[in-house]
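Participant: Please see the structure below; I have some questions.
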Amino acid sequence: MERPLTEHIRAEGEPPTLAEYERTGGYAALRQAVGKMTPPEVRAAVAESGLRGRGGAGFPTGKKWGFVPTGPGESRPKYLVVNGDEMEPGTFKDRRLLEGDPHGLIESTIIAAYAIEAEVAYIFVRWDYQTAAARLGRALAEARAAGYVGRKVAGSDYGLEIYFHVSAGRYMCGEEEGLLNALEGKRPTPRAKPPHPPVVGLWGKPTIVDNVETMAWVRHIVGRGPAWFRGLGRGAEGGTKLYGASGHVRRPGLWELPMGTTAREIIEEHAGGMRDGWSLRGFLPGGASTDFLTAVHLDAAMDFGSLEQAGSRLGTGAIVVLDDRTCPVGFVANLTAFFARESCGWCTPCRDGLPWMARTLRAIEEGRGEAGDLALLEEQTKFLAPGNTFCALAPGAMEPLTSALRLFREDFERHVAEGRCRYGRAGE
């Protein structure tokens, strides 16, 4: 089984130096791109591969790049931003790549910037990923000294400067436009669309924002070809995916597996199954902002299309397991409280709606629920649905709650009727 994203990542210790990275073929794809390919040819290769964004939305990467106006008469400078502000509860995949293979990310970043004709690239890192920031800084200095970053990339006529920026530490900084505002030194709030960032982005210039895991694929696609990438998946969607699993499983962790690996294989084989005495009741397949699935969905392929058909989303591919001893009411109350705290406060439904829902859920969990609370919660989820807010934070927060109200209704009703939780408080 090929694991191109993680094959050279060490279990412990420092990541490969520049010399070690080059000995395994590092920067060969970059030299191929800037020396033998035009920017449109690089864009075409990524589009042909079918690569979809690994940050949550799953938008086709090549199509996204195609929105950037290119050519000598277009607006400049252009920017590429790598989004490493990973704060989705249950998700920890980008940290592995940032800490374990910083040169791989830098090489892919340069190739992607070349493809969209960008002159400047930023790598935006979560505030508490201090180890990742330190390692990335050292790798970037090595790459610059070796001539891979600067006025003549790898001896070519193409020039690129790369900076890395450590976030101030809000979940909203991971939202595409909140991130751009943060880079500009502003409050990290979403922007009205259109225009979209590929046309009007950072400082009003064309900008592409891609997730770390998405970006890490670029060098491999250029070096090995789109057909090779497509052949890595188990179904219609190509590549491998960094899947995670957390909760009461025997071996919580992260694994690079073919796209389309089933939830059952991830949970039962790689994560070792449920701990003794615990049973699976449900799971969030793609991090904290996806809909619950249940045991009947364990054989669903963990890819974008299959999970949409099952009624959820692949998201970040981070499975969060709900077991039969954890209260689903407390589970979603904790998640809703997180999203309420992290709201930027820019739009009324999110600013006022999420705190109200968090308080209501906590009251139900603590035995203070009232008749009619569940109907009100269901009504509020519609006000925070897609299209009613400036960004996807509140709609994402509604996904676990909406599905929990449907799948675990009896637990919510028992809380209200009996004024108690039969499981104990969430997290106990």
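Participant: Could you compute the FRET efficiency for ARG325 and GLU378, with r as their C-beta to C-beta distance and R0 at 22 Å, rounded to 0.05?
Facilitator: After rounding to 0.05, the efficiency reads 0.25.
Participant: Identify all aspartates and glutamates with a Cα-Cα distance to LYS382 below 19 Å; exclude those on the same chain that are fewer than 8 residues away in sequence.
Facilitator: ASP291, ASP352, ASP373, GLU399
Participant: Here are some pairs, LYS36/LYS93; LYS152/LYS186; LYS36/LYS186; LYS63/LYS193; LYS152/LYS193; which of them have Cα atoms lying more than 28 Å apart in this structure?
Facilitator: From the list (LYS36/LYS93; LYS152/LYS186; LYS36/LYS186; LYS63/LYS193; LYS152/LYS193), the Cα-Cα distance tops 28 Å for LYS36/LYS93; LYS152/LYS186; LYS36/LYS186; LYS152/LYS193.
Participant: Would you be so kind as to identify which of GLY353, HIS270, LEU376 lies farthest towards the positive end of the dipole of the chain, taking Lys and Arg as +1 and Asp and Glu as -1 on Cβ and the Cα centre as origin?
Facilitator: It is GLY353, whose Cα lies furthest towards the positive end.
Participant: Rounded to the nearest whole Å³, what is the per residue volume of the convex hull around the Cα atoms of segment 282-428?
Facilitator: 103
Participant: Just from its helices, what would the mean residue ellipticity at 222 nm be for the chain, if runs of 4 or more DSSP H residues each count -39500 (n - 2.57) and the sum is divided by every residue, rounded to the nearest 500 deg cm²/dmol? Display every interim value, and only then the final one.
Facilitator: Details: 17 runs with 166 residues, N = 428.
Calculated mean residue ellipticity at 222 nm is -11500 deg cm²/dmol.
Participant: Report, in cubic angstrom per residue, the convex hull volume of the C-alpha atoms of segment 18-89.
Facilitator: Convex hull of Cα atoms, per residue: 160 Å³.
Participant: List the equivalent ellipsoid semi-axes of segment 167-317 in whole Å, largest first, each obtained as the square root of 5λ for an eigenvalue λ of the Cα gyration tensor.
Facilitator: Sorted largest first and rounded, they come to 32, 21, 14 Å.
Participant: Output the Kirkwood hydrodynamic radius of segment 18-231, Cα pairs only, in Å rounded to one decimal.
Facilitator: This gives a value of 17.0 Å.
Participant: Okay, next question. Could you pull the Rg and Dmax for segment 160-199, using just the Cα atoms, both in Å?
Facilitator: So, for segment 160-199, Rg and Dmax equal 10.8, 29 Å respectively.
Participant: Give me D for the chain in µm² s⁻¹, whole number, from Stokes-Einstein with Rh from the Kirkwood sum over alpha-carbon pairs, 37 °C and 0.692 mPa s.
Facilitator: The diffusion coefficient I find is 147 µm²/s.
Participant: Under 19 Å Cα-Cα from LYS78, which aspartates and glutamates qualify once same-chain neighbours fewer than 8 residues away are excluded?
Facilitator: GLU41, GLU107, GLU117, GLU119, ASP157, GLU161, GLU176, GLU177, GLU184, ASP210
Participant: Same structure again: Specify, per residue and in Å³, the volume enclosed by the convex hull of the alpha carbon atoms belonging to segment 374-428.
Facilitator: 89
Participant: Turning to a different aspect of this structure: Show me 167-174, 239-246, 24-31, 67-74 ranked by packing, highest mean number of other Cβ atoms within 10 Å first.
Facilitator: Highest mean packing first, the order is 239-246, 167-174, 24-31, 67-74.
Participant: Calculate how steeply helix 373-383 sits against the longest principal axis of the alpha-carbon atoms of the chain, using the helix alpha-carbon long axis, and give the answer as 0 to 90 degrees to the nearest 10.
Facilitator: On a 0 to 90 degree scale, this one is about 30.
Participant: Still on this model: May I ask you to derive the FRET efficiency for ARG275 and ARG420 from their Cβ-Cβ distance with R0 = 22 Å, giving the value to the nearest 0.05?
Facilitator: Between ARG275 and ARG420 the formula returns 0.30.
Participant: Further question: Please state the equivalent ellipsoid semi-axes for segment 267-307: what are the square roots of 5 times the Cα gyration tensor eigenvalues, largest first, in whole Å?
Facilitator: After diagonalising the Cα gyration tensor, the semi-axes are 19, 12, 10 Å.
Participant: Can you give me the three principal axis dimensions of segment 1-144 from its C-alpha atoms, in Å, biggest first?
Facilitator: 47, 36, 34
Participant: I've got another one for you. If r is the Cβ-Cβ distance from ASP128 to ARG351 and R0 is 25 Å, what FRET efficiency results, to the nearest 0.05?
Facilitator: 0.50
Participant: Something else about it: Please list 141-147, 229-235, 297-303 highest first by mean number of surrounding beta-carbon atoms within 10 Å per residue. Intermediate values should be presented prior to the final figure.
Facilitator: Numbers: 141-147: 15.4, 229-235: 17.6, 297-303: 20.0.
By packing density, highest mean first, the sequence is 297-303, 229-235, 141-147.
Each value in this text was obtained by applying a stated rule to the coordinates, not by laboratory testing. These figures come from a predicted structure and were not determined experimentally. We place every Cβ from the backbone using ideal geometry, glycine too, and count neighbours over all the protein chains shown.
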